[in-house]
Structures are given as C-alpha cells and as structure tokens.
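Worksheet for the structure shown next.
A short reminder: the numbers here are calculations on the coordinates, not readings from a lab. As the structure is a computational prediction, the values presented were derived from the model and not from experiment. Because the Cβ atoms are built from the backbone with ideal geometry, glycine has one as well, and the counts that use them run over all protein chains shown.
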Amino acid sequence: MSRELAGDQLRFRTAGMDWPLHGLTMVGLPRLDDLQACVEAAVGDGVQGDLIEAGTWRGGAAILMRATLDSLGDDGRTVFVADSFQGFPEVDRHPRDGYDLGADLAACDFLAVPLEEVRDSFARFGLNRGVSFVPGFFEDTLPALGARSWSIVRLDGDTYDATRSSLEALYPGLSVGGYLIADDYLQIDPCRQAVDDFRRQHGITEPLVEVDWSCARWRRERGPATAERDGGAAPCSDGDTRSSPRAVARTPNRRVPAIEEVELRHELSELRGRLAAADAEIERLAGSPLSGPRAWLRRRLGLAPGGRA
Ligand SMILES: C[S@@+](CC[C@H](N)C(=O)[O-])C[C@H]1O[C@@H](n2cnc3c(N)ncnc32)[C@H](O)[C@@H]1O
C-alpha cells in the first residue's frame, strides 16, 4: 500500500496515525517492529505461553505475531485473536471526565470488521494454523481464557472498559518474561487510566517502556500471587456492574464508508452551510437600497441611497 501513498499520507501511515483505507492494521512500522522484537525475545528466552491480541480490527498485528512465530519455526504456540468482530459496544460503562469515547467509537461502522474477513486475511498469508479466534465482547469471552498462560498480551481495545476487562482476564496468566503491550497507553486517556488503575491496585511496578507516540509496554518480572492466578484478579472496584455489553445495531452488509469519504462528507456539509449563508447574504443585499443596478448607478453619480448628492 505504501506505493500508493505519498507526502503526509505516507508519513501518517508509517507512524500509525491514521485509519488506513485498505491496510490490515492501524499500527505503524516502529510499533510493528517492536511487536516482532517482543515475540522474538519471548521465544528466544523460552517464555511459556500463547499470544493474544484483544482488539484486532482487520487482524494485521496478530497476523504479524503468527508470521513471526512461523519464521522462528515455533509451531507449539497459538495466537488468540479476540474481538467483537462487530465494533465497539453500545455504551462505555466507565465514561471518563464526562466524555464517552466508547460511544464515539461505537458509531463508527468502519471499526466493525466481520470475523470472516479477518479469517480470510490470515488465510491469504497462509497463516491459518495455530490461530484461534475469540469472537464476542471481551467482558463475556476473555474470562473463559483465564486458565491459560501467555507470553504476549497485546491490548488494543482503546476504551477504559475494554482495557480493564482484558487486563483482569489475561494479566494473571502472563508468564514471567512475557510482555504486556498497551497500544494506546500514551494516546488515549481512558486506556492509560485503566492500565494505571490496574497497575496500582495490583502493585505492578515493572517500568513502562515507551514504544512510540502511542504505545507502551512492560515485561513481567514477578509471578502472579497464587490467589490471583487461581481466582482471577480482583474485580474492578469503581462501580462495575458486570453487565454484558450490548452490540450496536448495524445494517448487515452495508458498505462501510472509508474514512476519506466520511471526511469529504463532513467537508461537503460545511461547504453547504457556507453556501447557504452566502445565499442568505446575497438575498439580504438584493433587498437593500445599496444593491442592484440602480444602486450602482447612484454610486457612479455620487448620489446617496436616498437620492441626495
Ligand atoms: C483500534 S481497533 C484495533 C486495531 C488493531 N489492533 C490493528 O492492528 O489495527 C479496536 C478494536 O477493538 C474492538 N473492541 C473494542 N471494544 C471491544 C470489546 N469490549 N469487546 C470486543 N472487542 C472490542 C473493536 O471491534 C475494534 O476492532
């Protein structure tokens, strides 16, 4: 795709700052390089456990994880690919600072990528083996993975709820030497708050490493407490109702507009507004004694609008 892009578009894509029209991931090159390095380090150091991405969209980052394992000849691990595959849920149960990021994201059909499409993308790269899809909202699906061990847990669900519920379900299973990667820690406040709350409540002190302008990660240095491993992490203590998230009603098979189309539509409606305002101004001037051929004539003759010189 990079051959089709130039200038700012290419810079934004390389840095992972846009929602690509065709690309398989929103993630940019430095973060993908880092993800590959984490997988290589986990395998090289013999860290136990599978890999998971919670929030996969079109699947590109998880595809890279599977491809890296294959390139290392590691076929003993599974890459879990977790997503609703129908976008963000209807409401964020923990809107922060009066702003509901989840509601904004839930409105974006562009973020709802069906499971079949993601499965097909893995297949196109010949990467169908050693992959397990986990369709559904994290709050409903991830607790069932609580008994597994992980070498890489990559979180990319953006909101407080998604990040928090993923951490609660998956962190207890992260092996010592494994990586916790929070894709939006430096960019999205609710994501950072969820990670910070979880780290504080669980006494996690391993240093956070900045990967790029958005992503941060840490490598687990100490094992989980037995109670944490066996009974799951302490529940979220800020009014979590534990109700299942609800899917947004989306028109099936509706063509998803590209982000450029959405922006163009926005520009068009702004232009229409300006045109309407200009029309109204012309209308007003047309009715004024200062406009029209007579007014022009009066001005030429140096006459005031009322007829006096
Ligand atoms: C920012 S996108 C992920 C980007 C992706 N990792 C990439 O490489 O481009 C966020 C994804 O999280 C999913 N998501 C958000 N909240 C969720 C939830 N509570 N349960 C399941 N999936 C969720 C959305 O469907 C969306 O695909």
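Observations
- Flag if ALA82 is within 15 Å of the ligand (Cβ to nearest atom), in contact with a strand residue (DSSP E or B) (Cβ under 8 Å, 6 or more places away or on another chain), in contact (Cβ under 8 Å) with a residue 40 or more places away in the chain and assigned to a helix (DSSP H, G or I): no
- Of all residues in the range 139-160 being touching a Leu at 6+ places or on another chain (Cβ under 9 Å) and in a helix (DSSP H, G or I), the one that is surrounded by the most Cβ atoms within 10 Å (Cβ to Cβ): TYR160
- Residue in the range 19-27 that is surrounded by fewer than 20 Cβ atoms within 10 Å (Cβ to Cβ), out of contact with any Ser or Thr (no Cβ under 9 Å at 6 or more places or on another chain), of a type outside the set (A, V, I, L, M, F, W, C) and part of a helix (DSSP H, G or I) present: no
- Scope the range 141-180; condition without any contact (Cβ under 8 Å) to a residue 40 or more places away in the chain and of a type in the set (Val, Ile, Thr); matching residues: THR163
- Residue within the range 48-62 that is free of Cβ contacts under 8 Å to residues at least 12 places away in the same chain, surrounded by fewer than 24 Cβ atoms within 10 Å (Cβ to Cβ), away from the ligand (no atom under 12 Å from the Cβ) and under 23 Å from GLY146 (Cβ atoms) present: no
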